[in-house]
């Protein structure tokens with residue numbers, strides 16, 4: 001009888017003791033990339049504080065813009081490691097929240113799935129409002145205003161505005177405060193649809209000035225067929241068609257919106 | 001008598017808050033940080049399809065996924081190449097058209113983010129997020 005009780009107690013003890021447990025140093029990481037950064041990298045450090053090895057079953061990011069790297073497939077008891085999540089900033093701005101879901105072979109379902117959060121605050125350099133102005137076909141040739149403000153982290157003092165199109169006239173006026181401007185754009189003709197983009201370049205950062213775009217458009221009259229043909233159904237092409245004329249930024253310039 | 005009722009009420013509120021706070025702390029990593037999309041900004045596949053030519057479809061998924069397959073007639077517009085893709089999309093937009101943005105599935109955020117930028121930066125009106133995304137569109141197309 002005593003042996004039975006001992007065996008029972010021991011088996012219960014072993015069941016409790018033989019556990020795998022991945023402890024994360026931080027499951028949420030805040031990142032503050034600089035204006036010139038292309039990626040934001042988060043290192044999620046872990047340790048197996050259990051008594052049995054942990055195997056990673058899957059590591060999945062919530063978005064195609066984030067890639068993950070695990071150093072190993074199995075983590076022995078006491079062993080440390082990290083999962084590296086690299087978030088490609090692309091043309092994103094503001095706060096970006098991306099998650100990485102990690103699944104392990106932990107028998108406890110509550111422990112088997114961990115959600116790691118990467119919060120990246122991408123500095124906004126220029127606040128352009130609106131970034132798209134349009135006139136309807138046949139509309140009066142009235143000027144429209146675009147307000148531009150440099151944010152506090154982006155001390156641009158001057159901007160230059162370029163356009164490849166002869167169909168619009170643009171005029172830049174300094175605003176009431178430093179780092180503020182107004183662009184006034186007037187189409188020369190609204191009898192037919194066309195579009196272009198204004199290239200706005202700043203004098204900051206000096207070594208690689210930033211470029212931004214403001215899209216201008218004279219739209220189709222209501223009910224008219226689209227100006228550009230979208231990709232054919234199921235076609236492998238990525239781009240829709242020839243875009244309207246966009247002035248090219250200098251090779252060293254970064255591009256952002 | 002009144003004071004006792006207030007005291008008991010307060011005690012009940014505190015007791016109700018305790019498990020909620022505990023759950024909040026325990027599941028802090030599982031709390032969704034993404035705000036849900038208001039119902040007025042969502043559109044079902046059936047409704048969006050019924051708009052016919054009055055709708056422009058925008059694919060917010062990464063380039064590779066768009067290249068593999070997409071809603072017929074959709075334009076690729078993702079945040080990886082926003083500056084390059086936006087000028088390709090805009091000539092096809094007109095004020096009376098509705099814009100339907102989709103990403104992979106219900107759980108993805110790309111469509112919501114692209115729709116927000118179209119509303120905030122380009123100041124377009126009638127921008128909707130497709131409920132269930134590409135996954136739902138595929139299901140309804142079978």
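FYI, it's all coordinate maths here, none of it is from the lab. Treat the numbers as computed from the prediction; the structure is a model and nothing was measured. Glycine also receives a Cβ, built like all others from the backbone with ideal geometry; neighbour counts cover every protein chain displayed.
Structure notes:
- Shape analysis of chain B based on the Cα gyration tensor places the equivalent ellipsoid semi-axes at 42, 17, 15 Å, largest first.
- Tilt relative to chain B, helix B:110-120 - C-alpha long axis, 0 to 90 degrees, to 10: 80 degrees
- More than 20 Å apart - percent of Cα-Cα pairs taken over segment A:20-122: 37 percent
- Length gained on full extension, residue A:57 to residue A:169: 34.4 nm, using 0.36 nm per residue less the C-alpha separation.
- In this simple spin-label model, placing a label point 7 Å from the Cα along the Cα-to-Cβ direction at both residue B:68 and residue A:34 gives a separation of 3.7 nm.
- In degrees, nearest ten, helix B:2-26 long axis to first principal axis of chain B (Cα): 50 degrees
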